[in-house]
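Coordinate-derived values only; no laboratory data. Computed from a prediction, not measured in an experiment: that's the story for all the values here. Note that we place each Cβ from the backbone using ideal geometry, even for glycine, and neighbour counts take in every protein chain shown.
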Amino acid sequence: MIERPVTPRARVVVLAGPSGAGKSRLARRLRLPVLRLDDFYKNGSDPTLPRITDGPNAGIVDWDHPDSWLPDDAVAALQALCAEGCADVPVYDIAHDGRTGHQVLDLGEHRLFVAEGIFAQDIVDDCRTAGILAAAYCVTQHPLVTFWRRLARDLRERRKPPLVLVRRGWALMRGQSRVVTDAVTKGCVVVSPDEGYAEVQRLLHTG
């Protein structure tokens, strides 16, 4: 059960949206502390990981399925950050399908921070219930722009074999509208990266 803090030290801006839509780039642009929700993926050896059941990628882990990450751990870290201003968080290497260590995320004097990831919409309700949500946005761009930016990033970072990345990217492009609809249903406001930047700047200036 989510407990509401009496007076949160900080609040979180949640950035959801399709993979490659610009969430991480927007988070860097905002110059706020960032909790990378993708660091809460399960390790690749976890037997509970979901797998793709059909199509050219059948049999491999479905990293785009919400059962591939640990939302309770992410929410616990968010609550610690909002209550205490710091939290010990995992460091995950996507290319190696596993955690490689941990680090302390310290908010310093910031009263707002960002939590971003492809499953971010799934924690919006918990954050709102806990009284730590400042705002929740779904960052989105034209599907073709998202496809090419995602592919370029994934190839550059060697996240998976190239053929897997192309096939995955094509499937994600076709399913982008469903991702956006899901985020809206779960409480996110749809924005472009520039609109999201302007909205968070407004929050910073209004307190």
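The phi-based Karplus calculation (6.51 cos²θ - 1.76 cosθ + 1.60; θ = phi - 60°) puts the 3J(HN,Hα) values of segment 124-133 at 4, 5, 4, 5, 5, 4, 6, x, 10, 8 Hz, whole numbers, x for Gly and Pro.
Residues in segment 73-88 carry Karplus couplings, in order, of 5, 5, 5, 4, 5, 4, 5, 5, 4, 6, 8, 10, x, 7, 7, 7 Hz; the curve used is 6.51 cos²θ - 1.76 cosθ + 1.60 with θ = phi - 60°, and Gly or Pro positions show x. Going from the fewest other Cβ atoms within 10 Å to the most, the residues 116, 109 appear in the order 109, 116. Amide H contacts of residue 134 (H built 1.01 Å from N, in plane; Pro and chain starts excluded): 12, 13, 14 sit under 5 Å, all sequence-distant by 5 or more or on other chains. A viscosity of 0.692 mPa s and a temperature of 37 °C, combined with the Kirkwood radius over C-alpha pairs in the Stokes-Einstein formula, give segment 77-132 a diffusion coefficient of 259 µm²/s. Dipole of segment 11-206 computed with +1 at Lys/Arg Cβ and -1 at Asp/Glu Cβ about the Cα centre; of 56, 77, 152, farthest Cα towards the positive end is 152. Sorted ascending by nearby beta carbons within 10 Å, beginning with the fewest, 178, 9 become 178, 9. Amide H contacts for residue 92 (H built 1.01 Å from N in the peptide plane; partners 5 or more residues away or on another chain; cut-off under 5 Å): 100. Rounded to the nearest whole Hz, the Karplus-based 3J(HN,Hα) values (6.51 cos²θ - 1.76 cosθ + 1.60, θ = phi - 60°) of segment 193-199 follow the sequence x, 5, 5, x, 4, 5, 5, with x at glycine and proline. Once both axes come from the Cα atoms, what is the angle between helix 162-174 and the longest principal axis of the chain, in degrees from 0 to 90, rounded to 10? Computed tilt is about 60 degrees.
Put simply, the Cα atoms of segment 11-206 extend 48, 34, 30 Å along their principal axes, the longest span coming first. The charge dipole of segment 11-206, taken about its Cα centre with unit charges on the Cβ of Lys, Arg, Asp and Glu (plus for the first two, minus for the last two), comes to roughly 860 debye.
Counting only DSSP beta bridges whose two residues both lie in the chain, roughly 40 percent are antiparallel.
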